[in-house]
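Novice: I have a structure I would like to understand better, so I am pasting it below and will then ask my questions one at a time.
The values are calculated or read from the model by the stated rules, or taken from the named source; none is laboratory data. Remember, it's a predicted structure, so these values are computed and weren't measured experimentally. Every residue, glycine among them, receives a Cβ derived from its backbone with ideal geometry; neighbour counts consider all protein chains shown. To get the accessible areas, we keep the full protein, side chains included, count just its heavy atoms, and leave off ligands, DNA and RNA. Shrake-Rupley method; radii C 1.70, N 1.55, O 1.52, S 1.80 Å.
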Amino acid sequence: MNIVVCVKYVPDATADRRFESDNTVDRVGVDGLLSELDEYAVEQALQIKEKADGDVTVTALCIGPEKAVDAVRKALQMGADQGVLVTDEAIAGSDYLATSLVLAKAVEKVGVPDLVMCGMSSTDGAGAVLPAMLAERLDLPQVTLASVVETQGDQVRVKRDGDTATEVIGGTMPLVLSVTDQTGEARYPSFKGIMAAKKKPLETYSLADLGVDAGQVGIGAAYSAVEDTAERPPRSAGEVVKDEDGSGAGALTDFLVSKKFI
Amino acid sequence: MSEVLVVVDHVDGAVRKPTYELLTLARKLGEPSAVFFGSSEQGSAAAEALGKHGAEKVYVVDDTEIKGYLVAPKAEALQQLVEKTSPAGVLFVSGFEGKEVAARLAIKIGAGIITDAVDVEDGGVTTQSVFAGNFTVRSKVTQGVPLITVKPNSAQVEEVGAAGTVEEFAATISDSAKKAQIVASQPRKSSGRPELQEAAIVVAGGRGTGGDFTAVEGLADSLGAAVGASRAAVDSGWVPHSYQIGQTGKTVSPQLYVAAGISGAIQHRAGMQTSKTIVAVNKDEEAPIFELVDFGVVGDLQSVLPAAKDAVDKRKG
Ligand SMILES: Cc1cc2nc3c(=O)[nH]c(=O)nc-3n(C[C@H](O)[C@H](O)[C@H](O)COP(=O)(O)OP(=O)(O)OC[C@H]3O[C@@H](n4cnc5c(N)ncnc54)[C@H](O)[C@@H]3O)c2cc1C
Ligand SMILES: Nc1ncnc2c1ncn2[C@@H]1O[C@H](COP(=O)(O)O)[C@@H](O)[C@H]1O
């Protein structure tokens with residue numbers, strides 16, 4: 001069985017994330033890492049591999065700047081078997097349509113997948129649309145936003161906690177599967193895992209390797225454009241009182257009354 | 001004027017409020033037409049309310065054949081409807097399904113997509129709140145039919161009294177769209193409180209509740225508020241996941257947000273930072289949540305919240 005896990009390299013959410021002068025996300029000047037939400041996808045892929053009877057190859061696939069190799073490496077340290085980084089100057093500033101095109105081509109180059117796995121959303125763009133787009137491009141069913149994943153042979157069943165209902169979704173491989181942070185904590189790389197990762201195959205593809213024309217990607221080919229970005233003015237810290245001898249509740253109520261909430 | 005398609009979010013025919021908000025926003029782009037997936041009886045029944053809120057037409061797509069499948073069939077049907085109507089845009093409610101249907105449609109018709117808009121201006125410029133609410137981004141679809149998913153609570157519901165003329169639309173659905181099957185579905189039980197994303201006031205509890213949400217719920221009910229939670233409280237199994245506020249939960253932007261026993265991690269802020277007024281009750285005066293508050297109480301939530309509830313009840317008489 002072939003599992004491709006799509007992992008994104010994102011600016012650290014606890015760092016000062018910002019935009020470049022062309023309004024694209026600064027992916028180089030801010031410390032980055034493997035998107036935490038994609039660790040859950042790696043974890044579920046590894047669990048499927050561990051449970052499976054036959055041979056399973058887990059490939060971690062990332063599109064990003066050269067530094068993004070860190071995200072692939074982390075996935076290898078966690079236990080993925082091989083890694084692929086697609087990097088090319090022309091990709092910078094790509095929108096979802098272009099990113100999904102490149103990801104789809106890369107998935108096809110890796111081989112015929114049984115499962116293409118994704119996180120529920122990236123932690124920077126947070127669109128949560130790429131898995132569905134990838135499914136559309138690869139003409140595969142999507143079983144997305146799983147909070148519990150079960151596989152048996154080529155059958156996949158997941159629980160999906162929707163807005164108005166909890167559903168059980170089923171499908172037959174090959175398919176695109178995305179998982180939420182409810183699927184269970186992701187493992188930390190062990191020392192052994194970190195050592196082993198150094199010997200695992202890690203390939204780098206350019207757009208030319210994938211047969212994608214540079215004119216189809218990047219900021220110039222985007223279907224949407226950012227007009228402007230503005231930092232939200234920081235909230236000015238308001239009044240903070242200590243609850244001494246039960247005074248806190250009264251002060252809080254007075255505040256709510258002054259703001260007409262009561 | 002071109003049509004603007006608004007995909008109706010409903011449960012068994014009951015239209016949910018965010019759809020009406022979309023109808024308000026759609027008028028900035030053209031003439032709103034609602035797209036209703038469901039039975040024709042439900043569609044006709046909903047058409048009156050949809051018309052009242054601005055839908056000139058209501059396309060009813062019979063879903064008998066497709067309702068057991070996830071996302072892909074709806075994208076196919078919308079592709080056909082877009083081809084028929086050449087709309088000035090398609091608006092979706094930003095939820096799991098709305099976003100994914102929009103995503104597949106974007107690839108099918110070659111159109112730009114904007115997710116999680118909190119406003120749409122005349123001419124289609126949208127506003128998004130990004131990086132945990134620290135930045136505001138204005139952007140615009142520049143190619144293809146703009147596909148925009150809009151967060152709940154982003155516009156006023158307005159009654160304008162449009163025709164709401166029902167038109168049945170027969171879509172052709174391919175077999176390959178019918179592969180991800182909805183095997184079972186369990187509707188969420190109503191808490192009897194306002195919907196988290198629609199509420200004017202939200203009272204949320206975190207790990208600091210120690211698992212006892214009585215004080216949080218008590219104050220919420222006195223204020224007529226919805227109850228929310230941090231992921232720590234959800235992960236501990238104290239409240240259902242549907243309560244979660246933050247990066248991987250819901251985003252709320254109420255008039256008043258009360259955080260009790262919540263430290264204010266960046267992932268939590270991502271879901272509440274744009275609230276109009278923020279209040280926190282926390283034992284630890286160093287808790288980062290206090291950086292955001294309009295008013296804060298350093299104290300034990302188990303005593304402050306019940307006392308505040310009593311005071312609120314008394315004022316209300
Ligand atoms: C990828 C990812 C996604 C995440 N998504 C989310 C998300 O969507 N939503 C979310 O909330 N978190 C999310 N988190 C988790 C987040 O990082 C924090 O761990 C979480 O928000 C902490 O919850 P908390 O504030 O309730 O708990 P803690 O950080 O443990 O804080 C508890 C607070 O309660 C106070 N306290 C204790 N006892 C009392 C008392 N008796 N009275 C008053 N105060 C008291 C303490 O002083 C402390 O400040 C995510 C994390 C990751 C990595
Ligand atoms: N540049 C990328 N490289 C690899 N995978 C990605 C990339 N962007 C998004 N993904 C995958 O798609 C999921 C959803 O991303 P998004 O739609 O951007 O929120 C992520 O959790 C990843 O699994």
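Novice: Could you look through segment B:275-317, keep only residues that are open to solvent by 30 Å² or more (accessible area, probe 1.4 Å) and part of a loop (DSSP other than H, G, I, E, B), and pick out the one that is nearest to ligand 2 (Cβ to nearest atom)?
Specialist: Among those that are open to solvent by 30 Å² or more (accessible area, probe 1.4 Å) and part of a loop (DSSP other than H, G, I, E, B), it is B:K276.
Novice: Keeping to segment B:226-244, report how many residues are acidic (D, E) and in contact (Cβ under 8 Å) with a residue 12 or more places away in the chain. Let's see the steps before the verdict.
Specialist: To start, the set of residues in segment B:226-244 that are acidic (D, E) comprises B:235.
From what's left, in contact (Cβ under 8 Å) with a residue 12 or more places away in the chain: none.
Residues meeting the conditions: 0.
Novice: If a residue has to be touching a helix residue (DSSP H, G or I) at 6+ places or on another chain (Cβ under 7 Å), open to solvent by 10 Å² or more (accessible area, probe 1.4 Å) and more than 7 Å from ligand 1 (Cβ to nearest atom) to count, how many in segment B:239-274 make the cut?
Specialist: Qualifying residue count, segment B:239-274: 3.
Novice: Further question: Just the residues that are hydroxyl-bearing (S, T, Y) and without any contact (Cβ under 8 Å) to a residue 60 or more places away in the chain, please, taken from segment A:161-187. Even if it seems obvious, please write down each step before you answer.
Specialist: Of all residues in segment A:161-187, those hydroxyl-bearing (S, T, Y) come to A:164, A:166, A:172, A:178, A:180, A:183.
Those that are hydroxyl-bearing (S, T, Y) and without any contact (Cβ under 8 Å) to a residue 60 or more places away in the chain: A:T164, A:T166, A:T172.
Novice: Take segment B:164-203 and flag every residue that is touching an Asp or Glu at 6+ places or on another chain (Cβ under 8 Å) and assigned to a helix (DSSP H, G or I).
Specialist: The answer is B:S176, B:A177.
Novice: Among residues belonging to segment A:120-160 that are in contact (Cβ under 8 Å) with a residue 24 or more places away in the chain and more than 16 Å from ligand 2 (Cβ to nearest atom), point out the one that is farthest from the other protein chains (Cβ to nearest Cβ).
Specialist: A:T151
Novice: Check whether at least one residue in segment B:245-257 is free of Cβ contacts under 8 Å to residues at least 40 places away in the same chain, more than 23 Å from B:A132 (Cα to Cα) and either facing chain A (nearest Cβ under 9 Å) or touching a Leu at 6+ places or on another chain (Cβ under 6 Å) (or both), and report yes or no.
Specialist: The answer is no, given that none of the residues of segment B:245-257 is free of Cβ contacts under 8 Å to residues at least 40 places away in the same chain, more than 23 Å from B:A132 (Cα to Cα) and either facing chain A (nearest Cβ under 9 Å) or touching a Leu at 6+ places or on another chain (Cβ under 6 Å) (or both).
Novice: Kindly evaluate B:T126 against the criterion of being out of contact with any helix residue (DSSP H, G or I) (no Cβ under 6 Å at 6 or more places or on another chain), surrounded by 23 or more Cβ atoms within 10 Å (Cβ to Cβ) and of a type in the set (S, T, Y).
Specialist: When the stated conditions are applied, B:T126 passes them.
Novice: Okay, moving on. Can you give me the ranges of the strands (runs of 3 or more DSSP E) entirely in segment B:49-148 with at least 1 residues that are modelled with pLDDT under 95 and of a type in the set (F, W, Y)?
Specialist: Ranges flagged: B:135-141.
Novice: Moving to a separate point now. For segment A:147-169, how many residues meet the condition of being in a strand (DSSP E or B) and within 16 Å of ligand 1 (Cβ to nearest atom)?
Specialist: Residues flagged as in a strand (DSSP E or B) and within 16 Å of ligand 1 (Cβ to nearest atom) within segment A:147-169 amount to 1.
Novice: Now for a separate question. Taking only segment B:214-237 into account, find how many residues are within 15 Å of ligand 1 (Cβ to nearest atom), in a loop (DSSP other than H, G, I, E, B) and either touching a His at 6+ places or on another chain (Cβ under 9 Å) or open to solvent by less than 10 Å² (accessible area, probe 1.4 Å) (or both).
Specialist: Result for segment B:214-237: 1.
Novice: What about B:Q267, is it more than 8 Å from chain A (Cβ to nearest Cβ) and either within 16 Å of ligand 2 (Cβ to nearest atom) or part of a helix (DSSP H, G or I) (or both)?
Specialist: Details: more than 8 Å from chain A (Cβ to nearest Cβ): no; either within 16 Å of ligand 2 (Cβ to nearest atom) or part of a helix (DSSP H, G or I) (or both): yes.
Here the answer is no, as B:Q267 does not meet what is asked.
Novice: Among the residues of segment A:194-206, what is the count of those that are over 28 Å from A:V102 (Cβ atoms) and either charged (D, E, K, R) or within 23 Å of the chain's Cα centre (by Cα) (or both)?
Specialist: 1
Novice: Yes or no: A:L33 out of contact with any strand residue (DSSP E or B) (no Cβ under 6 Å at 6 or more places or on another chain), touching a residue at least 12 places away in the same chain (Cβ under 8 Å) and closer than 24 Å to B:H268 by Cβ? If you could, list the steps in order and put the result at the bottom.
Specialist: Values: out of contact with any strand residue (DSSP E or B) (no Cβ under 6 Å at 6 or more places or on another chain): yes; touching a residue at least 12 places away in the same chain (Cβ under 8 Å): yes; closer than 24 Å to B:H268 by Cβ: yes.
So A:L33 passes the test.
Novice: Follow-up. Just to be sure before I move on: is A:R73 within 14 Å of chain B (Cβ to nearest Cβ) and either more than 10 Å from ligand 2 (Cβ to nearest atom) or of a type in the set (K, R) (or both) in the structure I sent?
Specialist: no
Novice: Hey, can you tell me all the residues within segment A:173-206 that are within 14 Å of chain B (Cβ to nearest Cβ) and in a loop (DSSP other than H, G, I, E, B)?
Specialist: Once the filter is applied, which keeps residues that are within 14 Å of chain B (Cβ to nearest Cβ) and in a loop (DSSP other than H, G, I, E, B), segment A:173-206 yields A:M173, A:P174, A:T180, A:D181, A:Q182, A:T183, A:G184, A:E185, A:A186.
Novice: Regarding segment B:39-46, can at least one residue be identified that is part of a loop (DSSP other than H, G, I, E, B) and among the polar types (S, T, N, Q)?
Specialist: yes
Novice: So which residues in segment A:207-228 are under 23 Å from the mean Cα position of the chain (by Cα) and in a strand (DSSP E or B)?
Specialist: So in segment A:207-228, the residues under 23 Å from the mean Cα position of the chain (by Cα) come out as A:207, A:210, A:212, A:216-219, A:221-226.
Scanning segment A:207-228 gives A:S224, A:A225, A:V226.
Novice: Right, here's the next one. Hey, among the residues in segment A:19-40 that are out of contact with any Pro (no Cβ under 8 Å at 6 or more places or on another chain) and within 12 Å of chain B (Cβ to nearest Cβ), which one's nearest to A:S121 (Cα to Cα)?
Specialist: Ranking the candidates gives A:L37 first.
Novice: Only one residue in B:S191, B:S154 is surrounded by fewer than 17 Cβ atoms within 10 Å (Cβ to Cβ), at pLDDT below 95 and under 26 Å from B:V239 (Cβ atoms), so which one is that?
Specialist: After ruling out the rest, the residue left standing is B:S191.
Novice: Could you please find all residues in segment B:272-285 being within 11 Å of chain A (Cβ to nearest Cβ) and free of Cβ contacts under 8 Å to residues at least 60 places away in the same chain?
Specialist: So in segment B:272-285, the residues within 11 Å of chain A (Cβ to nearest Cβ) come out as B:273-283, B:285.
Within segment B:272-285, B:K276, B:T277, B:I278, B:V279, B:A280, B:V281, B:E285 meet the criteria.
Novice: Could you list all residues from segment B:103-114 that are open to solvent by less than 20 Å² (accessible area, probe 1.4 Å) and at the interface with chain A (Cβ under 7 Å from one of its Cβ atoms)? Before you say what the answer is, go through the steps one by one.
Specialist: Of segment B:103-114, the ones open to solvent by less than 20 Å² (accessible area, probe 1.4 Å) are B:103-106, B:111-114.
The answer is B:A103, B:R104, B:A106, B:A111, B:G112, B:I113, B:I114.
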